[in-house]
Amino acid sequence: MSALSSNFVDCAVLIYDEAGNQLGSTIVTYYNKDALLIEVEELPPVIENDGRCKLLILSSPSPCEYQGRIVSEGAKKVIAIYHGVEKESRMAVRYKVNYPASIENLICVGKAYPLLTPLEVGLINISKSGMRFRAPNNSLAIGDMFQIRIKIGDNSKILIADVVNYSDKSSGTSEYGCRFLIGSD
C-alpha cells in the first residue's frame, strides 16, 4: 500500500529542520491527498530556510518520511508535503527523539499476548523503518515481536515491531534496535 494512500488524520507528526534537529511534534488534523497538504494542531515557533522542514508522520503500517514546506492559508497551520520516502531502507534517516513508550503485548504466531505490566521504555531514535529504545537488560531477545505504544503529548500510536539487535550498557539497561512490521493499528 502506498503511503500517500494512507489517511494521516490523527497521526502524530515529528517536525525537523533540514539538518535533522527536532523542532516540535503535533497532530495532523486534516489531510488533502490530492493537493498534498496537511493541516496540523501546532507549528514549531521557528522554521528557517523559507519554511522547509522534514516530517516523520507516524502512520500505519509504518511511519512515512517527507520533505515539507510551511505554506500560508490564513489562520490555518498548513504544511505542503513532497518527496515522500515510501519504501523500506536500512539507510533511513534516524531522528533523535526523547519520548516515553511502552510495550504492552508480545506477539507469537500472529496473536497478541498482553504483558501483566507494560514494559516502559525510552525512545532514542526513530525512522520510517524502525526505532531504537532503551529498556532494562534482558527485557527482549532478537526476533521478539511486540506492540509498542509511543506517547507524544496527549496522543499515542501503536506500532508493531521486532528486535533486530541490542547492546547491553553498563547502567543495567540495553539499547534495542527494532524494525517496524506490517499490521500496526
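Quick notes on this one:
- Three principal axis extents of the chain based on alpha-carbon atoms, in descending order, are 51, 34, 30 Å.
- Protection proxy ranking, peptides 51-60, 103-112, average beta carbon neighbours within 10 Å, highest first: 51-60, 103-112
- In terms of its alpha-carbon gyration tensor, segment 95-180 comes out rounded; the largest-to-smallest axis ratio a/c stays below the 1.5 threshold.
- Potential lengthening of the chain between Y30 and K169 amounts to 45.8 nm, from the contour at 0.36 nm per residue minus the alpha-carbon distance.
- Cβ-based net charge around Y31, under 11 Å, with every Lys or Arg adding one and every Asp or Glu removing one: -2
- Environment charge of G20, counting only residues whose C-beta is closer than 9 Å and scoring Lys/Arg +1, Asp/Glu -1: +1
- Unit charges on C-beta of K, R, D, E only; dipole of the chain, Debye: 360
A short reminder: the numbers here are calculations on the coordinates, not readings from a lab. Quick caveat, the model's predicted, so the values are computed rather than measured. Positions of Cβ are generated from backbone atoms using ideal geometry, with glycine treated the same way; all protein chains shown enter the neighbour counts.
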